[in-house]
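The values are calculated or read from the model by the stated rules, or taken from the named source; none is laboratory data. Please read these numbers as outputs of a predicted model, since none were measured by experiment. Don't worry about glycine lacking a Cβ; one is built from the backbone with ideal geometry, like all the others, and counts go over all protein chains shown. Keep in mind that these areas ignore ligands, DNA and RNA; they rest on the heavy atoms of the full protein, side chains included. Shrake-Rupley method; radii C 1.70, N 1.55, O 1.52, S 1.80 Å.
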Amino acid sequence: MNPAAPASPAAPVASLLPGLAERLPALRELYEDLHAHPELSFQEVRTAGVVAARLREQGWEVTEGVGGTGVVGVLVNGEGPVVLLRADMDALPVKEETGLPYASIARAVDGHGNEVPVMHACGHDMHVTCLLGATAQLAGHRGHWRGTVVAVFQPAEEVGGAPGMIEDGFADRFPRADVCLAQHVMPAPVGFVATRPGPLMSASDSMKVLLHGRGGHGSAPELTVDPVVMAAAIVMRLQTVVSREVGGTQTAVVTVGSIHSGTKENIIPDTAEMLVNIRSTTSAVRDRVLAAVERVIRAEAAASGAPKDPEITRLPSFPVTNNDAEATAVVTAVLGDALGADRVMTLPQPFTGSEDFGVFGTALGVPSVMWHFGGADPALFQGIDPDDLLENGLPATIPTNHSPHYAPVPDPTIEIGVTALLAAASHWLR
Ligand SMILES: [Zn+2]
Ligand SMILES: [Zn+2]
């Protein structure tokens with residue numbers, strides 16, 4: 001496995017890197033500890049405690065409990081721009097199957113009162129580790145940069161926790177950033193970084209739909225309005241929203257991820273419940289698809305003779321993650337200087353995954369840039385037949401984020417993640 005390409009001595013990040021190599025064993029230990037102790041969204045109490053203690057040791061001014069379990073560190077180092085660096089802290093209700101010596105066996109009670117296994121299946125433990133590595137380097141090299149850094153450790157990214165920090169007065173309580181930066185680990189070979197100007201990640205909208213029928217005996221459907229048939233018709237008709245109502249050059253995804261109705265084969269139930277998720281990358285497509293989905297649901301219910309309109313409840317949504325074009329060009333160039341220009345790719349199109357990081361830049365009215373960095377062992381990509389690659393260009397054998405088998409390799413992912421954060425920030429802090 002190749003270590004991170006050494007930053008060229010001319011790169012502004014070079015003066016922030018001394019001592020990082022010596023710090024890596026402790027960062028790896030921290031990563032393994034966080035990985036073994038994952039916490040669900042808004043329950044990141046232990047993680048927040050670890051973060052706050054480390055930041056204080058490093059000399060940062062620390063505020064805890066921002067927007068729930070969020071932690072914000074501020075380091076003022078003379079006049080200069082304010083750079084916001086953000087990491088998310090939460091884990092997922094997934095039973096870990098990586099077999100790693102530091103695999104999680106944690107369990108927790110979720111928001112619905114169910115006991116669930118918990119795992120850092122999205123790599124947010126890597127994000128926390130890399131940002132704490134970057135904050136340590138910044139604190140240790142104050143003679144080599146000027147300005148202010150706001151280090152944001154955000155709760156509950158998986159359920160959209162960023163707006164909670166904003167609603168908790170974030171914009172007024174902390175130095176106002178000139179630029180917001182964040183990174184996310186992905187299942188590409190370690191060493192590679194990918195980003196793009198404009199939309200990087202899709203908007204995500206979810207809704208819960210309660211369909212009303214009229215229940216009765218399974219032997220006498222003529223006396224009922226069957227919500228199972230109604231739901232089935234809606235699911236099929238929703239498949240035409242993207243194929244018939246979204247232009248060929250646009251993208252959107254409509255997924256019915258959950259459908260529940262009934263208890264027994266000879267009972268026609270009263271109701272059916274569906275959970276629908278929609279991804280889009282422009283507000284025009286988003287508006288159009290959301291309206292079409294609602295129109296189909298209401299019209300199919302009417303067509304079925306539903307005695308009552310469907311109840312549609314909107315669930316937490318994520319905006320499009322938009323990368324500022326100018327700032328992204330800068331970040332792409334400095335990451336190229338630090339990691340090797342051939343390691344930094346510009347993505348042809350946005351990911352259909354979603355993020356709430358964009359909420360910070362939008363709330364502060366400043367540019368933001370996010371990039372993805374590889375965390376997969378390059379050996380796993382050797383000898384793969386190009387015909388065996390999935391739609392996303394990755395082999396089907398590589399576990400992806402949210403899989404029970406997903407875990408980035410700590411070395412050199414941590415080193416590259418810390419270097420990338422420092423490199424991007426150093427452009428504004430020199
Ligand atoms: Zn995730
Ligand atoms: Zn994530």
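Structure above, values below:
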quantity	calculated
Kirkwood-type radius of the range 202-314, with distances r between different C-alpha atoms, in Å	14.5 Å
Highest to lowest packing among 53-66, 321-334, 86-99, scored as the average C-beta count within 10 Å	86-99, 321-334, 53-66
Net charge, residue 137 excluded, C-beta distance under 12 Å - Lys, Arg +1, Asp, Glu -1	0
At R0 = 30 Å, FRET efficiency that the Cβ-Cβ distance of residue 243 and residue 387 yields, to 0.05	0.70
Net +/- balance of residues flanking residue 321 in space, Cβ distance below 10 Å, scoring K and R +1, D and E -1	-2
Burial order of peptide ranges 238-246, 182-190, 281-289 (average beta-carbon count within 10 Å, highest first)	182-190, 281-289, 238-246
Charge dipole magnitude, Cβ of K and R +1, D and E -1 - the range 202-314, Cα centre, debye nearest 20	320 debye
Pair residue 313, residue 108: separation of 7 Å Cα→Cβ label points (nm)	2.2 nm
Evaluated at q = 0.10, 0.14 Å⁻¹: base-10 log I(q)/I(0), Debye formula over Cα of the chain	-0.73, -1.28
Kyte-Doolittle mean at least 0.5 and Cα axial length at least 18 Å: DSSP H helices in the chain	124-140, 227-245, 325-339, 410-429
Residue-normalised accessible area of the chain, given per residue in Å² at a 1.4 Å probe	42 Å²
Using θ = phi - 60° and Karplus 6.51 cos²θ - 1.76 cosθ + 1.60, couplings along the range 360-368 (whole Hz; Gly, Pro as x)	5, x, 5, 5, 8, x, 10, x, 9
Backbone N under 20 Å from the residue 222 label point (7 Å along Cα→Cβ), restricted to the range 269-309	269, 304-307
Other-chain or far-sequence residues with amide H under 5 Å of residue 405's (modelled H)	97
Rough spin-label spacing in nm, given labels placed 7 Å along Cα→Cβ, for residue 430 and residue 26	2.8 nm
Charged-residue dipole, Cβ positions (Lys, Arg, Asp, Glu), the chain about Cα centre, Debye nearest 20	680 debye
For the range 360-394 versus the range 281-355, the gap between their alpha-carbon centres in whole angstrom	17 Å
Contour minus Cα-Cα distance for residue 79 and residue 377 (0.36 nm per residue)	103.1 nm
Hull shadow area, averaged, the range 335-417 [alpha-carbon convex hull, nm²]	7.4 nm²
Local net charge near residue 229, Cβ-Cβ under 14 Å (Lys/Arg +1, Asp/Glu -1)	-2
Share antiparallel - DSSP beta bridges, the chain, percent rounded to 5	70 percent
For residue 345, distant residues with modelled amide H under 5 Å away	193, 194, 195
Spacing of the two label points (7 Å from each Cα toward its C-beta) at residue 352 and residue 45, in nm	3.9 nm
Most to least packed among 16-24, 197-205 [average Cβ atoms within 10 Å]	197-205, 16-24
Label point at residue 325 placed 7 Å out along Cα→Cβ; residues across the range 183-197 whose backbone nitrogen lies under 13 Å	197
